[in-house]
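Peer 1: Structure provided below as structure tokens; questions to follow.
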Amino acid sequence: MLGQLAKQQPTTDETILSVKGLEVNFDGFKALRNLDFSLKQGELRFLIGPNGAGKTTLLDVICGKVKPSQGHVLFKDSIDLTKHQEHQIAQLGIGRKFQAPTVFSTLTVFENLALSMKQQRGLLSALWAKTTSEQRERLHLRLDMIGLQTKAKERAGSLSHGEKQWLEIGMLLMQEPDLLLLDEPAAGMTDSETEKTGELLHEIAANQTIIVVEHDMAFVRQFARMVTVLHEGTVLREGTMQEIQNDDKVAEVYLGRRVERGA
């Protein structure tokens, strides 16, 4: 599968997200300070940085969970997300996954995905309604993508931690978001699950834009394309993983080693 990753669609020049002068204050503490950040459609962007750098706070602002004291977050050029509530932002095409998986444990994998399908009906009616052939095709495509086709009839509570993570990503995809926000999607996974998660992110990025907050640097090195390093609430550096690893400032403030010159 890794060999197929290079064949995916390239990013476009169209900016899907533009953050300007963003500030967030928590009782006098500036979690974000004059932060500028932009994202092209089709990008898979990793956010890294020390604890408290502002990574999760940035995602919280994008999805409407936290309101900034200053700045703008423009989605698709014209929609200022700071003026919308969480449910409205979800309807606009932004999906958020938190670190701990949230699935309906007593329902099957298939039912979890069916409930998450983009539709105009309530929870119970969605559960008992008959799916159309087109909807079933979409459901099976997602099951195949997340690697749970053989477990479609199993209860979600019986899945491994990694499988629950993939199921929740699949549930997000059933909403057909344009932008996915993922908080440490590989946390707590085995090595093989981590590998599969990285491949899944690349596969998803063929059609959607993704921001990933991640602390596992081995995972970032293997699967990141473009990386944004946050430090003390603002952008420290941006670039490819190789550029980030070779940056003296990043090495000093994040990777924990002081760069010595001369001699």
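The values are calculated or read from the model by the stated rules, or taken from the named source; none is laboratory data. Note that this is a predicted model, so its numbers are computed, not measured. Cβ atoms come from the backbone with ideal geometry, glycine included; neighbour counts cover every protein chain shown.
Peer 1: If you check Gly147 against the conditions, is it part of a loop (DSSP other than H, G, I, E, B) and at pLDDT 95 or above?
Peer 2: On the way: part of a loop (DSSP other than H, G, I, E, B): yes; at pLDDT 95 or above: yes.
Yes: the conditions hold for Gly147.
Peer 1: Among the listed residues Gly3, Gly52, which satisfies the condition of being modelled with pLDDT under 95, of a type in the set (Gly, Ala, Ser), out of contact with any Pro (no Cβ under 9 Å at 6 or more places or on another chain) and over 21 Å from Gly233 (Cβ atoms)? Show your work before the answer.
Peer 2: Details: Gly52 fails: over 21 Å from Gly233 (Cβ atoms).
Criteria check complete, one pass: Gly3.
Peer 1: Of the residues in segment 171-194, how many are among the charged types (D, E, K, R), under 28 Å from Glu137 (Cβ atoms) and in a helix (DSSP H, G or I)? Outline the logic, then answer.
Peer 2: Going residue by residue through segment 171-194, those that are among the charged types (D, E, K, R) are 176, 178, 183-184, 191, 193.
Retained after the next criterion (residues that are under 28 Å from Glu137 (Cβ atoms)): 176, 178, 193.
With in a helix (DSSP H, G or I) added as a condition, the list becomes 193.
Looking only at that region, the number is 1.
Peer 1: Give segment 102-144 a look and list any residue that's at pLDDT 85 or above and in a loop (DSSP other than H, G, I, E, B), or say none.
Peer 2: If the condition is that a residue be at pLDDT 85 or above and in a loop (DSSP other than H, G, I, E, B), then Val103, Phe104, Ser105, Thr106, Leu107 are the ones that fit.
Peer 1: Also, quick follow-up: Could you list, in sequence order, all residues of segment 164-194 that are of a type in the set (Asp, Glu) and touching a residue at least 24 places away in the same chain (Cβ under 8 Å)?
Peer 2: Here is the first cut: in segment 164-194, the ones of a type in the set (Asp, Glu) are 168, 176, 178, 183-184, 191, 193.
Correct list: Glu168, Glu176, Asp178, Asp183, Glu184, Glu193.
Peer 1: Residues of segment 82-99 being outside any helix (DSSP H, G or I) and polar (S, T, N, Q), which ones?
Peer 2: The first filter runs over segment 82-99 and keeps only residues outside any helix (DSSP H, G or I), leaving 84-85, 93-99.
Matches in segment 82-99: Gln85, Gln99.
Peer 1: Hey, does segment 210-220 have a residue that's in a helix (DSSP H, G or I), free of Cβ contacts under 8 Å to residues at least 60 places away in the same chain and surrounded by fewer than 18 Cβ atoms within 10 Å (Cβ to Cβ)?
Peer 2: Looking only at segment 210-220, we keep the residues that are in a helix (DSSP H, G or I), and these are 217-220.
Imposing the further condition that a residue be free of Cβ contacts under 8 Å to residues at least 60 places away in the same chain reduces the set to 218-219.
Checking which are surrounded by fewer than 18 Cβ atoms within 10 Å (Cβ to Cβ) leaves us with 218.
Yes, because at least one residue in segment 210-220 is in a helix (DSSP H, G or I), free of Cβ contacts under 8 Å to residues at least 60 places away in the same chain and surrounded by fewer than 18 Cβ atoms within 10 Å (Cβ to Cβ).
Peer 1: Could you tell me which residue of segment 23-54 is surrounded by the fewest Cβ atoms within 10 Å (Cβ to Cβ), considering only residues that are hydrophobic (A, V, I, L, M, F, W, C) and farther than 23 Å from Ile244 by Cα? So that I can check it myself, show each step before the final result.
Peer 2: Here is the first cut: in segment 23-54, the ones hydrophobic (A, V, I, L, M, F, W, C) are 24, 26, 29, 31-32, 35, 37, 39, 44, 46-48, 53.
Now drop any that are not farther than 23 Å from Ile244 by Cα, which leaves 24, 26, 29.
Numbers: Val24: 22, Phe26: 11, Phe29: 9.
Among them, the one singled out is Phe29.
Peer 1: Take the residues in segment 57-89 that are among the β-branched types (Val, Ile, Thr) and surrounded by fewer than 21 Cβ atoms within 10 Å (Cβ to Cβ); name whichever of them is nearest to the chain's Cα centre (by Cα).
Peer 2: First, pick out the residues of segment 57-89 that are among the β-branched types (Val, Ile, Thr): 57, 61-62, 66, 73, 79, 82, 89.
Imposing the further condition that a residue be surrounded by fewer than 21 Cβ atoms within 10 Å (Cβ to Cβ) reduces the set to 66, 79, 82.
On the way: Val66: 17, Ile79: 20, Thr82: 19 Å.
Within segment 57-89, the match that is nearest to the chain's Cα centre (by Cα) is Val66.
Peer 1: Hey, can you tell me all the residues within segment 197-218 that are among the polar types (S, T, N, Q) and within 12 Å of Ala187 (Cα to Cα)?
Peer 2: Thr197
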